[in-house]
Amino acid sequence: MSYHAHAALGWWYAHGTPLNFMVPTGNLGNALACLWARALGLPIGEVQLSCNANATLPDFFAGNDYRPREAVATVANAMDVGAPSNFERLRWTVPDERTLRAQLQAHSVDDATIRQTITRHARDHGEVFCPHTATAMHRLDRRRADGDASAWAVVATAHPAKFDSVVEPLLGHPLEVPAALAAMLARPARAEPLAADDGALRQWLLRAAG
């Protein structure tokens with residue numbers, strides 16, 4: 001919520017108008033934070049959601065019944081969510097479906113379009129996006145093509161270097177990795193298989209606390 005508040009207030013003080021937000025989402029956490037910031041009175045205008053091929057939210061906001069489903073694997077994998085766990089919080093915040101659909105729109109963006117958006121913006125504008133951010137950028141591109149000249153903030157979710165296997169082949173060259181991320185990537189990784197069971201998790205935590 002503080003990120004959205006900071007951006008909205010900075011725009012308000014500079015221009016005196018609310019700032020609209022285009023938010024990539026899978027689990028609705030970032031999007032709900034934006035809505036809560038607006039509910040607190042921050043100068044936030046329209047909020048739109050961009051999703052990948054997991055269409056649970058776009059289907060609902062298009063007027064269909066809410067129907068959780070199995071997740072679909074995409075290049076924007078942090079948004080691969082078929083049953084957003086924050087949906088209940090959203091419904092609690094805005095209980096009436098008609099009111100909720102009037103306040104929000106959600107759109108799906110497929111993998112091919114994500115890749116095209118990353119490639120085109122890097123080539124034409126020198127902007128490099130992670131796959132998740134690219135879903136929101138695509139939606140803003142569509143708004144601009146339809147004549148929308150209002151002020152929008154695209155919520156960037158991660159540095160593209162975290163998704164080098166997707167982004168670098170599209171750019172045709174390696175990405176520069178920020179020092180903080182490079183330090184994390186240089187650390188040794190360790191994985192231990194664990195049964196999907198509360199007791200197994202409890203035993204692992206007790207051993208780790210040892």
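Neighbour counting of Cβ atoms within 10 Å sorts the residues Thr17, Thr74, fewest neighbours leading, into Thr17, Thr74.
Dipole magnitude for the chain: about 300 debye, using +1 per Lys or Arg Cβ and -1 per Asp or Glu Cβ, origin at the Cα centre. Shown is the FRET efficiency for Leu194 and Asp65, computed with R0 = 41 Å from the Cβ-Cβ distance and rounded to the nearest 0.05: 0.70.
Each part gets one Cα centre, and for segment 1-34 versus segment 179-202 those centres are 32 Å apart.
When Thr113, Thr93, Thr56 are arranged by Cβ crowding within 10 Å, least crowded first, meaning fewest neighbours, the order is Thr93, Thr113, Thr56.
Taking the chain as a Gaussian network, where each spring joins two C-alpha atoms under 10 Å apart, which residue of Gly29, Gly147, Gly199 fluctuates the most? Top of the fluctuation ranking is Gly199.
Which entry in [x] 29, 25, 19; [y] 70, 15, 12; [z] 30, 19, 16 matches semi-axes √(5λ) of the Cα gyration tensor in Å derived from the coordinates of this structure? Label [x] holds the value from this structure. As a proxy for reagent exposure, ranking His15, His138 by other Cβ atoms within 10 Å from fewest up yields His15, His138. With the simple spin-label model, which puts each label point 7 Å out from Cα in the Cβ direction, the Leu9 to Ser85 separation comes to 3.0 nm.
Relative protection proxy for 42-53, 60-71, from highest mean packing down: 42-53, 60-71 (other beta-carbon atoms within 10 angstrom).
For segment 1-123, the spread of Cα positions along the three principal axes, ordered from largest to smallest, is 43, 41, 21 Å.
Amide H contacts for Ala55 (H built 1.01 Å from N in the peptide plane; partners 5 or more residues away or on another chain; cut-off under 5 Å): none found. What the Cβ-Cβ distance of Asp146 and Glu176 gives, at R0 = 35 Å and to the nearest 0.05, is a FRET efficiency of 0.55. Between Asp111 and Arg123, the distance separating the two model label sites (each 7 Å from Cα on the Cα→Cβ line) works out to 2.1 nm.
FYI, it's all coordinate maths here, none of it is from the lab. Small disclaimer: the values here were computed from a predicted structure and weren't measured. Here Cβ is always computed from backbone atoms with ideal geometry, including for glycine, and neighbour counts include all displayed protein chains.
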